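**Q** If you scroll down you'll find the structure; I have some questions about it.
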Amino acid sequence: MFVLGVSPNSCIKHTVLDGCHLGFQVVVLTDATRETNNKPDDSPHALQEMADAGAFPANIGDIEMAAPAS
């Protein structure tokens, strides 16, 4: 499951944590997210929490490179 969007410290985090808890392999596309922090370290803490739950941080380029050639 690929996740991207706005606000890593709330909306994205909860979607990712739910996906991990339900057994999905979750990839957070960090370069396709937009930070809306209340505090400067909100997003790094949220990303760490997601990684601790089993999510994988990646960039869109990482996914393109891993895709099989057609």
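The values are calculated or read from the model by the stated rules, or taken from the named source; none is laboratory data. Quick caveat: nothing in here was measured; it's all calculated off a predicted structure. Cβ placement follows ideal geometry from the backbone for every residue including glycine, while neighbour counts extend to all protein chains displayed.
**Q** Might you let me know whether the range 20-30 holds any residue that is in a helix (DSSP H, G or I), modelled with pLDDT of 95 or more and not hydrophobic (A, V, I, L, M, F, W, C)? Working first, answer last.
**A** Step one: list which residues in the range 20-30 are in a helix (DSSP H, G or I), which gives 20-21.
Subset that is modelled with pLDDT of 95 or more: 20-21.
Right, trim to not hydrophobic (A, V, I, L, M, F, W, C) and you get 21.
Yes, that holds for at least one residue.
**Q** Here's something else I'd like to know. Within the range 40-56, how many residues turn out to be modelled with pLDDT under 85 and within 10 Å of Asn9 (Cα to Cα)? Before the answer, list the steps.
**A** Just the residues of the range 40-56 that are modelled with pLDDT under 85, to begin with: 40-44.
Checking which are within 10 Å of Asn9 (Cα to Cα) leaves us with 41-44.
Of the residues in the range 40-56, 4 are modelled with pLDDT under 85 and within 10 Å of Asn9 (Cα to Cα).
**Q** Next up: Which ones in the range 1-22 are surrounded by fewer than 18 Cβ atoms within 10 Å (Cβ to Cβ) and more than 24 Å from Glu64 (Cα to Cα)?
**A** Matches in the range 1-22: Ser10, Cys11, His14, Asp18, His21, Leu22.
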